[in-house]
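Colleague: Following this message is one structure expressed as structure tokens.
The values are calculated or read from the model by the stated rules, or taken from the named source; none is laboratory data. Keep in mind the model is a prediction, meaning the values are calculated, not measured. Cβ atoms come from the backbone with ideal geometry, glycine included; neighbour counts cover every protein chain shown. When the accessible area is computed, the model is the full protein with side chains, heavy atoms only, and any ligands, DNA or RNA have been set aside. Shrake-Rupley method; radii C 1.70, N 1.55, O 1.52, S 1.80 Å.
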Amino acid sequence: MPAEGPRGAELNSRWLTIVGIGEDGLAGLGDEAKQRIAEAEFIFGGKRHLALVASFANGKPCPWPVPFDAGMSDVLALAGSKVCVLASGDPFFHGVGATLARKVKPQAMHVIPAPSAISLAAARLGWALQDIETISLHGRPLDLIRPLLQPNARILALTSDAEAPAAIARLLTELDFGASRLTVLEALGGPKEAQRTVRADAFDLENINPLNVLAIEIDSNPQARVLPLTVGLADHLFDHDGQITKREIRAITLSALAPRRGELLWDIGAGSGSIGIEWMLAHPLMRTIAIEADPIRAARIGRNAAACGVPGLVVVEGSAPKALAGLDTPDAIFIGGGGSDTGVLKAAIKALRSGGRLVANAVTLEMEALLLAQHTKLGGDLTRINISRASPVGSMQAWRPAMPVTQWSWVKP
């Protein structure tokens, strides 16, 4: 029956319908979803989805182009027509719905979701969604899972293909999580649904359905590479040549930088990349551009970023201030190396957005003099950081002070 009343009129005025379809195909579609598909003049989706609705669809089938057009130009060109987009499961859980929502106002869309593969997996396993970690590794680096590898954690991961579960098992084994229990849930909701379980270090499953969710129950040993949830990661978690902001100084520095959700950091003179990496670990939406002149260190930053689960960190090889030209406007800037070079501090101050934070650390007298001058001119906070560590002196222990660090932090008006 056609929708009636004010709510029905509102739905009928929306030119775009997004329908979620599960592996159960037509059996899982309600009457409203079938009606919207039947009324559509144009139907977009993958070939598999289009085939599922071919028996009652009247509109023109429009397979997604290869490569996929994230700009949705073909769909947008039909605005005003009756358009239906078919999606897997919940269109707004790492799906095409989120892509379309960046282009189409909610008032122009009507969405009929199906359960996501993650929801179905949780239901099969009896796992409470609010108590577990979820992640999409579909078309994304497997390294993104590293920060989630915590003792006794439960993780549900969307994968890309049949090979991904084995690749994740190898990664877990390499990181000393080999005793973890892996359950591959295949073709959830459909007639070919299957579920198989194996230890990560004994993974031998074959003929895995490309449509799968991997459930992980973490079991770690004392040597496992666990990334702590606080700032100030141990120095040994980073590959470095000594050019690294040490753990205690790094924790104080990140506190001064005050990361906020979705912000961009410039890490100038990044060295090992430790500051920018920990900035990104604060939240999945954080971004870092690491600027490093030394090519060996620049390559090392990329490896460190992947090893710490933030492979999206961008490395710019070059010297500031020249290398700063054309970069996205930062919300915060850290200067740890090369800050005393001509024009670096001035360029950083100019590039920072209003309300942005700048933190600069000095161990040399030359850099300290620059920071003192800027503090006199612009204000902000000056902090002197002294760290001492106990170390052997003969048969006894004594304090050995590290080089003191002068830190200037400033918020741009």
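Colleague: When the dipole is taken about the Cα centre of the chain, and only Lys, Arg (+1) and Asp, Glu (-1) are charged at their Cβ, what size is it in debye, to the nearest 20?
Modeller: Rounded to the nearest 20 debye, it is 980 debye.
Colleague: Of ILE216, ILE296, ILE244, which has the most accessible area with a 1.4 Å probe, and how do the rest follow in descending order? Could the numbers behind the result be given before it?
Modeller: On the way: ILE216 0, ILE296 110, ILE244 20 Å².
So, going from the largest accessible area down, we get ILE296, ILE244, ILE216.
Colleague: Then there is this: Of the residues ARG181, ARG146, ARG102, which exhibits the maximal mean-square fluctuation in a Gaussian network model of the chain defined by a 10 Å Cα contact cut-off?
Modeller: Per the Cα network of the chain with a 10 Å cutoff, ARG102 tops the list.
Colleague: At a 1.4 Å probe, what is the % contribution of carbon and sulfur to the accessible area of the chain?
Modeller: Looking at the chain in its full context, I get 54 percent from C and S.
Colleague: For region 334-379 and region 100-163, what is the centre-to-centre distance using only Cα atoms, to the nearest Å?
Modeller: Each part's Cα centre sits 42 Å from the other's.
Colleague: Which value in nm describes the separation of the simple spin-label points at VAL314 and ARG260, placed 7 Å from the Cα toward the beta carbon?
Modeller: 2.1 nm
Colleague: Would you mind checking LYS34/LYS105; LYS246/LYS346; LYS350/LYS412 for any pair whose Cα atoms are more than 19 angstrom apart? Present the calculation step by step, with values, prior to reporting the outcome.
Modeller: Values: LYS34/LYS105 23 Å; LYS246/LYS346 26 Å; LYS350/LYS412 9 Å.
In this structure, LYS34/LYS105; LYS246/LYS346 lie more than 19 Å apart at Cα.
Colleague: Still on this structure: Springs between alpha-carbon atoms under 10 Å, Gaussian network over the chain: tell me which of ALA202, ALA157, ALA290 tops the mean-square fluctuations.
Modeller: Evaluated over the chain, the most mobile residue of the options is ALA202.
Colleague: Also: Considering only protein heavy atoms, what is the solvent-accessible area of SER255 at a probe of 1.4 Å, reported in Å² to the nearest 10?
Modeller: 90 Å²
Colleague: Volume per residue, Å³, of the convex hull around the alpha-carbon atoms of region 367-413? Please list the in-between numbers first.
Modeller: Numbers: hull volume 3.1 nm³, N = 47.
About 66 Å³ per residue, rounded to a whole number.
Colleague: Can you give the relative contact order of the chain as a percent, counting alpha carbon pairs under 8 Å and 6+ residues apart?
Modeller: Relative contact order for the chain comes out at 10 percent.
Colleague: Which loop trypsin sites (Lys or Arg not before Pro) in region 335-413, with loop taken from DSSP, have no more than 15 other Cβ atoms within 10 angstrom of their Cβ?
Modeller: Those satisfying the criteria are ARG353.
Colleague: So for each of 229-239, 393-403 I average, over its residues, the number of other beta carbons within 10 Å; can you give me the resulting order with the highest mean first?
Modeller: 229-239, 393-403
Colleague: From the C-alpha coordinates alone, can you work out the Kirkwood hydrodynamic radius of region 39-180, in Å?
Modeller: 17.5 Å
Colleague: Eigenvalues of the Cα gyration tensor times 5, then square-rooted: what semi-axes does that give for region 141-268, in whole angstrom, largest first?
Modeller: 35, 17, 12
Colleague: Using a probe radius of 1.4 Å on heavy atoms only, what accessible surface per residue do you get for region 255-336? Whole Å² is fine.
Modeller: Each residue of region 255-336 exposes 38 Å² on average to a 1.4 Å probe.
Colleague: Would you please report the Å³ per residue occupied by the convex hull of the alpha carbon atoms in region 13-75?
Modeller: For region 13-75, the hull spanned by Cα atoms encloses 94 Å³ per residue.
Colleague: With an 8 Å cut-off on Cα pairs and a minimum separation of 6 or more residues, tell me the relative contact order of region 283-413 in percent.
Modeller: 20 percent
Colleague: Between exposed GluC sites (Glu not before Pro) in the chain, where DSSP calls loop and at most 12 other Cβ atoms lie within 10 Å, what's the longest gap?
Modeller: Excluding the exposed sites themselves, the longest stretch runs over 207-413.
Colleague: Dipole of region 113-224, Cα-centred, from +1 at each Lys and Arg C-beta and -1 at each Asp and Glu C-beta, to the nearest 20 debye?
Modeller: 220 debye
Colleague: Next question, about the same structure. Give the Rg/Rh ratio for the chain, taking Rg as the radius of gyration of the Cα atoms and Rh as the Kirkwood radius, to two decimals.
Modeller: My calculation of the ratio gives 1.07.
Colleague: What is the log10 of I(q)/I(0) for region 353-393, computed with the Debye formula using one identical point scatterer on each Cα and no solvent, at q = 0.30 Å⁻¹?
Modeller: So the normalised log intensities work out to -1.16.
Colleague: Find the Cα radius of gyration of region 283-413, compare it with 2.2 N^0.38 Å by division, and give the number to two decimals. Kindly include the intermediate steps, with their values, before the conclusion.
Modeller: Values: Rg = 17.2 Å, N = 131, 2.2 N^0.38 = 14.0 Å.
Ratio of Cα Rg to 2.2 N^0.38 Å: 1.23.
Colleague: Okay, next question. Working from the alpha-carbon coordinates of region 160-201, get Rg over Rh, Rh being the Kirkwood radius.
Modeller: Across region 160-201, the Cα-based Rg/Rh ratio is 1.05.
Colleague: While we're on this one: Name the residue from LEU52, MET367, PRO147 whose Cα lies farthest towards the positive end of the charge dipole of the chain, charges +1 on Cβ of Lys and Arg and -1 on Cβ of Asp and Glu.
Modeller: Value computed over the given set: MET367.
Colleague: Something else: At a threshold of 8 angstrom on Cα-Cα distance, excluding pairs fewer than six apart, so keeping six or more, what relative contact order does region 215-287 reach in percent?
Modeller: 30 percent
Colleague: Which of these, SER180, SER73, SER354, has the largest mean-square fluctuation under a Gaussian network model of the chain (Cα springs below 10 Å)?
Modeller: SER73
Colleague: Excluding ligands and nucleic acids, what accessible area in Å² is computed for LYS34 using a 1.4 Å probe, to the nearest 10?
Modeller: Accessible surface of LYS34 is approximately 80 Å².
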